[in-house]
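Remarks on the structure that follows.
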Amino acid sequence: MPDTLPRLQQAHLQQLLAAYRDLMQHHGLDAIALYSGHSLPHYADDQHPEFQAAGHFIHWVPLWEAQHSWLIITADAKPRLMLHAPTDFWHLTPALPDEAWVSELDIELVNEPATPALTGNVALVGNVEALVESPVAAPHGHANPPALVAALDELRMHKSAYEIACLREANRLAVAGHEAARAAFAGAGAELDVQLAYLGASRQRESHVPYDNIVGLNEHAGVLHYQHYDLDAPAQRHSLLVDAGRRYRGYCADITRTAPGPDAPAPFADLISAMHQLKDSLVADIAPGVDYLELHRAMHHRLGEILVRHDLYRGTAEDCVERGVTRAFCPHGLGHSLGLQVHDVAGLKHPDGTPAPAPEDHPALRLTRTLTPGMVVTIEPGLYFIPMLLDPLRDTRAPINWTLVEQLLPCGGIRIEDNVAVTATGFDNLTP
Ligand code: GLY
Ligand code: MN
Ligand code: MN
């Protein structure tokens, strides 16, 4: 753990307590009780899917695997953590870490899931509906009042110095994985070999990744959320796309790199370089006051320029964007807010909690806000050769160089993704 982290975390908790107390006063509340959640077993089975505690709970404590636990915030007492720590001989009993944040809370280790005794006007936040089917009753209180939840989401949009340090460390660990993944690909590894190399070098088990790693060779690089790991390497190796992260104290890295294989057609490596430059130019534009939706539109314009420059489109960049051609080559958004969830909360909301939906012509965009210091966002331009999206353009008069497209189809696509903090004067790229 970086030396300064304990101090930063204590400051983070103190800021959070002050912010929660302001909200409690504003909403006329005596307490906010955050429920970590719990997992249900698979149907008719005793095995459980992987669990991740609710974001608002881990905003306070880095215990992102804690189930059946509560954190209770009131106006005058120390925040109280009821941490479920069953003692049984099947499992290792959870223990509190020897870390400074522990002294900021009043902590009770609870052997059996328990209902906290709460009085007054209480808001319960988290998946308390799941308690209906559990032997433990939900405590007294209103579940997830929308205005309060919107305000708590808003608190997560701007990261404290502690959170940015965690995101930076998550990035550092993930980058080691990306380097090993690329080496495994160079050694003719199959998708599964690349995945295992990534997990080993980033020091994590597969069930701990912040999202399922996307490891796509060849055409699979053009499946945006490709979900398998082939066991055998293909005979021809055109490309590798790895979109993979790492958690650090609950905070997520989300990084993508694309590499050409030995069998890639010559223009593919040049296109990867162009996409790196595009990513760098978009990162360099990040600053307070920048409208992320406008930056997304700038990505389309610059992507149009790349398509023209690399002879994929024989017209102007403006025309390429206007005809929707760039959207067929890049159907996803520029990126999203990043934090305790890979697609973090409050991206499509105004600061007052009212909705700010993605525009109709860019429905996949997950962030529509004006950037302000403390936000952490991804910048992830893409360029894909997806037959399902490109084929409908064949019937139009759009001047696409179909011969070159055919050549590039076996490469699937390119995505380059970094994680960037907005600072008071500009940006801080957290991806080394
Ligand atoms: N890894 C999912 C994304 O980039 O949004
Ligand atoms: Mn990603
Ligand atoms: Mn992303």
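Overview of values
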item	result
Rounded if a/c under 1.5, otherwise prolate or oblate - the stretch 328-428, Cα gyration tensor axes	prolate
Relative contact order computed over the stretch 293-372 (Cα-Cα under 8 Å; 6+ residues apart), in percent	24 percent
Excluding exposed DSSP-loop trypsin sites (Lys or Arg not before Pro) (at most 10 other C-beta within 10 Å), longest clean stretch of the chain	1-204
Two-site label geometry, D212 and H301: point separation in nm, points 7 Å out along Cα→Cβ	3.8 nm
Taking only Cα atoms of the stretch 49-103, radius of gyration then Dmax in Å	12.4, 39
Cα-based shape type of the stretch 231-377, given that a ≥ b ≥ c are square roots of the gyration tensor eigenvalues and the cut on a/c is 1.5	oblate
R309/R21 FRET efficiency (R0 35 Å; Cβ-Cβ; nearest 0.05)	0.05
Equivalent ellipsoid, the chain (semi-axes from 5 times Cα gyration tensor eigenvalues, Å)	42, 25, 19
FRET efficiency estimate (nearest 0.05) - Cβ-Cβ, R203 to A266, R0 41 angstrom	0.65
For the stretch 1-134, alpha-carbon Rg over 2.2 N^0.38 Å	1.11
The stretch 169-259: chymotrypsin sites (Phe, Trp or Tyr not before Pro) in DSSP loop, at most 16 other beta carbons within 10 Å	Y211
Taking the chain and dividing mean pair separation by its residue count, relative contact order in percent (alpha carbons under 8 Å, at least six apart)	15 percent
Kyte-Doolittle mean at least -0.5 and Cα axial length at least 18 Å: DSSP H helices in the chain	5-26, 161-186, 266-284, 292-309
Cα-based shape type of the stretch 236-312, given that a ≥ b ≥ c are square roots of the gyration tensor eigenvalues and the cut on a/c is 1.5	oblate
Sites A117 and L96, calculated FRET efficiency, Cβ-Cβ separation with R0 30 Å, nearest 0.05	0.85
Under Karplus coefficients 6.51, -1.76 and 1.60, residue-wise ³J(HN,Hα) of the stretch 374-381 in Hz, glycine/proline x	x, 6, 10, 10, 9, 10, 9, x
Gain in span if fully extended, A147 to D30, counting 0.36 nm per residue against the direct Cα distance	40.5 nm
Neighbourhood charge, 13 Å Cβ-Cβ cut-off, centred on H84 and excluding it, Lys, Arg +1 and Asp, Glu -1	-4
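Each reported figure results from applying straightforward, stated rules to the coordinates on display, with no laboratory input. Since we're looking at a predicted model, the values are computed, not measured. Using ideal geometry, Cβ is built from the backbone for each residue, glycine included, and neighbour counts are taken over all protein chains shown.
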